[in-house]
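What follows is a single structure, written as structure tokens, with notes after it.
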Amino acid sequence: MIYTCTLNPAIDLFIETEHLKPEIVNRTNSYDIQPNGKGVNVSFILKHLGIDNTALGIGGGFTSDFIEESLRSKGIKTEFTHIDGISRINVFTRVIDTDTEYKQVNNGPEVNEEKLNDFLEKISELKKDDKLVVSGSFSKGVPSDIIIEIAKMAQKQQFDLVIDTSYPDVVQTIGYHPYLLKPNDEELLSWFDDEQNNNIPTLIKHSRELIEKGAKNILLSLGSKGALLINEDTVLFGNAPKIKVVNTACSGDTMLGTFLAGIEQNLSAEDNLKRSIAAASSTAASSGLTDFSDVEDLMKQITIKKMEG
């Protein structure tokens, strides 16, 4: 079973408006309310592609109720740890006349030690052949080094750990052999204090260093440039198709969910990377997660190349 884990779930409010001016009432063209959090998005993508999964998380209040009910309505089992307080609401505004996007992301509620231990107890029940996907930011009270503790549990219990979070503590999980890391280029470079050298050879070099130290696979998203897949055996690069960007907030989650589904469906590495890039681009071109209706067409624009490194 694949388990997704969202330690700071959210409701995302997407707004489109002709203009955004101060001190007046700005009338909007449209709005959309969506359950969110990186692990939540991965769960939706997996289910859309026919992969059963269970959503774990820590949340509270009516917002968490909405998120969990939205997951269950799609046939996704939920096992959230419930806390006092209200899970966050984020606001993303697309302004037409300036062709700009504003992202306002709030902090999550406080998680106490008792609830954190309750959550870790759920993780302790995972077994060999399970996969755990830990994605996104952590609520207040959840220390960033919890990812190291979870990595230790994964090694002991022999489940596959997938990590998509920007905390530098991720580097310290490498010795516990995580199955897959999914940073973006900026996150990877920040782990090596090398932000000035954002180029493909440098990204491959640093990814290789993580592989040599124990990580099994690196899925590296490059935004409008595409993505890299690096493991012990190969380095693959795929370009991104040409799209009109609407909202980039969930494209990385789409890439990860699609890639994990491809593994379950026994796709080749090349085909899996191509479909994952296309799906991520489809999400970036829409106000929410892709429905996959244009993914095959987008795949025609993508070429997968073997790289040196």
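Bear in mind that the values in this text are calculations on the coordinates, not laboratory data. Small disclaimer: the values here were computed from a predicted structure and weren't measured. We place every Cβ from the backbone using ideal geometry, glycine too, and count neighbours over all the protein chains shown.
Would you calculate the volume per residue, in Å³, of the smallest convex hull containing every Cα atom of the range 1-178?
Numbers: hull volume 24.0 nm³, N = 178.
Taking the convex hull of the Cα positions in the range 1-178, it is 135 Å³ per residue.
What do you get when you divide the Cα radius of gyration of the chain by 2.2 N^0.38 Å, with N the number of residues? Intermediate values should be presented prior to the final figure.
Details: Rg = 18.9 Å, N = 309, 2.2 N^0.38 = 19.4 Å.
Rg over 2.2 N^0.38 Å, computed on Cα atoms: 0.97.
Toward the positive end of the charge dipole of the chain, with +1 on the Cβ of Lys and Arg and -1 on the Cβ of Asp and Glu, the farthest Cα among Thr258, Tyr102, Phe80 is that of Thr258. For the chain, the 222 nm mean residue ellipticity estimated from helices alone, with every DSSP H stretch of n ≥ 4 adding -39500 (n - 2.57) and the total spread over all residues, rounds to -10000 deg cm²/dmol. Ignoring lysines fewer than eight residues from Lys225 along the same chain, the ones with Cα atoms less than 18 angstrom from its Cα are Lys182, Lys205, Lys242, Lys244, Lys274, Lys300, Lys305, Lys306.
Which FRET efficiency value, to the nearest 0.05, is calculated for Asp97 and Asn198 with the Förster distance at 35 angstrom and r the Cβ-Cβ distance?
Numbers: r = 31 Å, r/R0 = 0.89.
Step by step, r from the Cβ atoms, then E = 0.65.
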